[in-house]
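Take a look at the structure set out below.
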C-alpha cells in the first residue's frame, strides 16, 4: 500500500502550507474516477457540475473520448471539477483543518479558477459556468486569430524576451528557471522556434493548445469574459490567492475580477508566485488535481520546500496515515 510522505499530526513546528491547482495540459481520460467511486464529497462535485452544464462532464472525464476532453471548452471545466473533487475529498478526510489549513492558494492559469472555489470567492456552479465560457471564448479567439504556444527549455528570461522582440511573440508563462512559454501567431511561433534553437535552447516544444493563450491575441476572449464576470457575484477571498499576473496576494473581490480579465492576455508568473509564498514562510506545497506538473516545477523553484501531489485516491488515503 502506497503511503504519502505527508504525515497528518499536530506539532508546534507544523509548516505553513499552500494549496496549488494545475492548469490546462494536465487532463487525462479516467481522471477523478477513483474519487467519484469512493468519496461522497467528491461525487457531489461531479454531480453538481453535470447538473450545472446540462451534460455529463463526469463521463467525459472518466471515459473520454480523448479528442473531446482535449478541446479547450471541455478541458477547462473538467480540470476544475477534478481539482475541486480532490479538494473536497481532502477536506472530507480532515486533511486541511486546524494547523493544516492552507495559508495561501494559487493556481496555474486555469488553475487560478480552482483556487477561487477553494478560497470561497465563487460557488462551484458559478465557477463551472465561468470556466466553460472561458474555454469557449479562448477556443473561438484561437479561430479568429490563429496562434500557438511553445515551451522553451534551457533559456533564461532575458534571452526569451530577445526572441519575442525579434519574432513578435510574447512571453506567456515563466514556469521556473529554464522553462519559459511563449505565445504568438503561427508564423511568429514558427520563426521563434528557429531563433530559439539558434540561441541555444535545449528544446522548443509546441504545446497542444487551441490558441495563443496569455497573449494579446486573446483580447477578443477578454472582452467576452468581462461580460460574464460582470454578472457573477464574487466574495472576498477567505484565503489569500496569489495572482498569476503579479505574484501578489488577492484579498478583495474586485481585485479578483480584474485579475481574471488581465490573466487571459498577460504572462503567468508561476516562478515568482511560488517564490513569494516561500518568502512568506510556506515550506509545504500540496497540488490538488490531475497530474503532477506543478509539483515538479515547485521542486525546481524551491529545492528545500516539500511538494506533494494528492491527485489520486491512493495518495489521498496514504496522506492520512
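Computed from the coordinates by the stated procedures, all read-outs in this text should not be read as laboratory data. If you're wondering where the values come from, they're calculated on a predicted model, not measured in any experiment. Ideal geometry is used to build each Cβ from the backbone, glycine not excepted, and the neighbour counts take in all protein chains shown.
Can you tell me how segment 168-321 classifies by the Cα gyration tensor, rounded, prolate or oblate, using a/c under 1.5 as the rounded cut?
Values: a/c = 1.89, a/b = 1.15, b/c = 1.65.
Oblate.
Using R0 = 35 Å, the C-beta based FRET efficiency linking residue 161 and residue 306 works out to 0.60.
Mind ranking 106-118, 239-251 by how tightly packed they are, going by the mean number of other C-beta atoms within 10 angstrom, highest first?
Numbers: 106-118: 27.5, 239-251: 20.8.
In decreasing order of mean packing, 106-118, 239-251 become 106-118, 239-251.
Segment 120-156 and segment 11-75 have Cα centres lying 17 Å from one another. Taking the centroid of alpha carbons for each part, segment 202-221 and segment 224-296 are 19 Å apart.
Calculate how many DSSP beta bridges within the chain are antiparallel, expressed in % of all such bridges and rounded to the nearest 5.
Working: 18 of 34 bridges.
Antiparallel bridges make up about 55 percent of those DSSP assigns within the chain.
Where does helix 270-279 land angle-wise versus the long Cα axis of the chain, in degrees 0 to 90, nearest 10? For 270-279 against the chain, the angle is about 50 degrees.
Taking other Cβ within 10 Å of each residue's Cβ, how do 308, 46 sort, fewest first? Walk me through the numbers before you get to the answer.
Working: 308 19, 46 23.
By the 10 Å Cβ count, ascending, the order reads 308, 46.
A full extension of the chain between residue 91 and residue 63 corresponds to an added length of 7.5 nm, given 0.36 nm per residue minus the alpha carbon distance. Calculated mean residue ellipticity at 222 nm for the chain: -14500 deg cm²/dmol, from DSSP H runs with n ≥ 4 weighted as -39500 (n - 2.57), summed, divided by the residue count and rounded to 500. So how tilted is helix 219-230 from the main axis of the chain? Cα-based, degrees 0 to 90, rounded to 10. Orientation of helix 219-230: about 30 degrees from the principal axis.
Once the C-beta distance of residue 186 and residue 41 is scaled by a Förster radius of 45 Å, the resulting FRET efficiency is 0.55 to the nearest 0.05.
Model label points for residue 230 and residue 251, set 7 angstrom from Cα along the Cα-to-Cβ axis, are 2.9 nm apart. Once the Cα atoms are used to define both axes, helix 124-144 deviates from the longest principal axis of the chain by about 20 degrees.
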